[in-house]
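Remarks on the structure that follows.
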Amino acid sequence: MVGFFREGNTLVCDGVALESVAREHGTPLYVYSAESVRRAYRALDEAFAAHPHRIHYAMKANSSMAIVRLLREAGSAADANSIGEIELALRAGFEPADIVFTGVGKTPDELDRAVALGLKTINAESAGELERIDRAAQARGVRARVALRVNPDINSGTHPHISTGLHVNKFGVPLEQARAIYRKMVSQPGLQPVGIHVHLGSQIVTLDPLQKATSMVVKLAHELRDVGLQIEHVDLGGGLGISYDGSPVPDASLYAAAVLPILRDSGLSVVLEPGRLLVGSSCALVSRIVDIKDGPSGRHFAVVDASMTELIRPALYGAFHRIEAVTPGEGRHLSYDVVGPVCESSDAFGEERRFPALDVGDLLAILDAGAYGSAMGSTYNRRPLAAEVLIDAGKATVIRRRQTLEEMLMLEL
Ligand SMILES: Cc1ncc(COP(=O)(O)O)c(C=O)c1O
């Protein structure tokens, strides 16, 4: 078995007991299953095998170097959202030609570096950004490979904070404007338009919006080819969700079955930018209970040593994560609010969760913490960044050690 499961009464990751990993490395602790990441990558790659495709792992989901390297070794390319992520990808061993660069509000320095590196594609967000790329490329005597991000005004049905494909969202340009912007590229000598980019949002669990967006960009590519632009690929972004509560969601093969018929005779290759799908389920945030309190009206609080600084999704989006007692006791089941120590009432991981009576010192595992967990980590309340451990072939390796207090404070003058 792969990932998080029980051996006897205790939770293990790929067969390694979380109790022993937490004892050795302390808490809060991100524990990853390397094999889960590899499997998620393979499932998507195999699902799209029938069509020319390239998976560019969206590093924003988790840019811990060892995770990025693991995906490169599995065969993935990379999607970067900042110069920091580009730098990280290069250090993880990616070639510039393996990297697409996406993101609203790229700075002049970022654009110049991207042009100088000769990335596979810069996914531009606006006509103005294309002009800046054009100038940077001409100044260097090169042509930058670009795509324009189309905002298709399609509702992906996800949480408003992670929806990106509606006209009210800040991302991309409306389809009507996109046509004219592409045509203008013919007269911009620093630009080589090679793709069309779209990304509807994150944690999408219905395929219909993804299908609609695919049809829209394929149709646009054909129109642009008719006016002489050599569009090579459509970039469908990321966004396919995972099941946080155990209920069924469409998997990679259903996604491929939904969009491949649209791509089949298009003559276009496809770029995918999944983040959450590849790493989301691969990690548990392991935390120790530091206090138990009885609240009003019979509620109990289990205060853990992890907080919104390690996993902000519940506070930010009201996101649900399963929480399991690592080694449940024998007591009768009680209802607990699992909360963190940070001075925000939103610093809570779950309300009214039932566990056999908990005690100070017990370990809780917050599941599916691999995406937008450590990547969104912070030192709010002056909490040092937590350590990360990767389990691979039965061995636990620290991939990011715990930040010391000294390191956290050392930037202060
Ligand atoms: C442009 C772009 N591509 C890819 C992703 C990755 O999304 P996900 O992790 O949902 O697959 C995001 C995240 O929102 C994004 O903004």
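The values are calculated or read from the model by the stated rules, or taken from the named source; none is laboratory data. Since the structure is predicted, the reported quantities are computational estimates derived from the model, not experimental observations. Ideal geometry is used to build each Cβ from the backbone, glycine not excepted, and the neighbour counts take in all protein chains shown. The protein model used for the area step is the full one, side chains on, heavy atoms only, and it has no ligands, DNA or RNA in it. Shrake-Rupley method; radii C 1.70, N 1.55, O 1.52, S 1.80 Å.
I'm told residue 186 meets every condition in (1) away from the ligand (no atom under 13 Å from the Cβ); (2) farther than 30 Å from residue 109 by Cβ except one. Can you identify the failing condition by its number?
(2)
Do we have residue 105 as at pLDDT 95 or above and open to solvent by 10 Å² or more (accessible area, probe 1.4 Å) here?
No: the conditions fail for residue 105.
Pick out, from region 264-339, the strands (runs of 3 or more DSSP E) lying fully within it that include 1 or more residues that are touching a residue at least 60 places away in the same chain (Cβ under 8 Å) and closer than 27 Å to residue 378 by Cβ.
283-294, 300-304, 323-325
Only one of these conditions is not met by residue 311: (1) within 16 Å of the ligand (Cβ to nearest atom); (2) farther than 26 Å from residue 371 by Cβ. Which number is it?
(2)
When only residues in region 39-62 that are closer than 26 Å to residue 402 by Cβ and in a helix (DSSP H, G or I) count, which is most open to solvent (accessible area, probe 1.4 Å)?
By that ranking, first place goes to 60.
Exactly one of (1) in a helix (DSSP H, G or I); (2) within 16 Å of the ligand (Cβ to nearest atom); (3) in contact with a strand residue (DSSP E or B) (Cβ under 8 Å, 6 or more places away or on another chain) is unmet by residue 234. Its number?
(1)
Looking at this structure, is residue 244 within 16 Å of the ligand (Cβ to nearest atom) and aromatic (Phe, Trp, Tyr)?
Criteria met by residue 244.
Conditions tested, residue by residue: (1) of a type in the set (Phe, Trp, Tyr); (2) assigned to a helix (DSSP H, G or I).
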position: 145; (1), (2): no, no
position: 150; (1), (2): no, no
position: 166; (1), (2): no, no
position: 169; (1), (2): no, no
position: 182; (1), (2): yes, yes
position: 193; (1), (2): no, no
position: 208; (1), (2): no, yes
position: 222; (1), (2): no, yes
position: 245; (1), (2): no, no
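Taking into account only those residues within region 123-170 that are away from the ligand (no atom under 16 Å from the Cβ) and among the acidic types (Asp, Glu), which is farthest from residue 195 (Cα to Cα)?
So, considering only residues that are away from the ligand (no atom under 16 Å from the Cβ) and among the acidic types (Asp, Glu), the one farthest from residue 195 (Cα to Cα) is 153.
If you scan region 189-205, which residues turn out to be open to solvent by 20 Å² or more (accessible area, probe 1.4 Å) and away from the ligand (no atom under 16 Å from the Cβ)?
189, 192
Which one is farthest from residue 248 (Cα to Cα) among residues in region 271-320 that are aromatic (Phe, Trp, Tyr) and out of contact with any Pro (no Cβ under 8 Å at 6 or more places or on another chain)?
Looking at residues that are aromatic (Phe, Trp, Tyr) and out of contact with any Pro (no Cβ under 8 Å at 6 or more places or on another chain), I get 301.
I need a count of the residues in region 344-378 that are in a loop (DSSP other than H, G, I, E, B) and more than 20 Å from the chain's Cα centre (by Cα).
Total satisfying the criteria: 10.
Is there a residue being within 29 Å of residue 204 (Cβ to Cβ), modelled with pLDDT under 95 and in a loop (DSSP other than H, G, I, E, B) anywhere in region 112-124?
no
Here are some residues: 383, 401. Which one is crowded, with 18+ Cβ neighbours inside 10 Å, more than 28 Å from residue 243 (Cβ to Cβ) and at pLDDT 95 or above?
Step by step, each of 383, 401 is checked, and only 383 is crowded, with 18+ Cβ neighbours inside 10 Å, more than 28 Å from residue 243 (Cβ to Cβ) and at pLDDT 95 or above.
Yes or no, residue by residue, for (1) within 25 Å of residue 269 (Cβ to Cβ); (2) more than 16 Å from the ligand (Cβ to nearest atom):
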site: 6; (1), (2): no, yes
site: 9; (1), (2): no, yes
site: 35; (1), (2): no, yes
site: 40; (1), (2): yes, no
site: 50; (1), (2): yes, yes
site: 85; (1), (2): yes, no
site: 96; (1), (2): yes, yes
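Name every residue in region 20-38 that is in a helix (DSSP H, G or I), touching a strand residue (DSSP E or B) at 6+ places or on another chain (Cβ under 6 Å) and not hydrophobic (A, V, I, L, M, F, W, C), in order of residue number.
25
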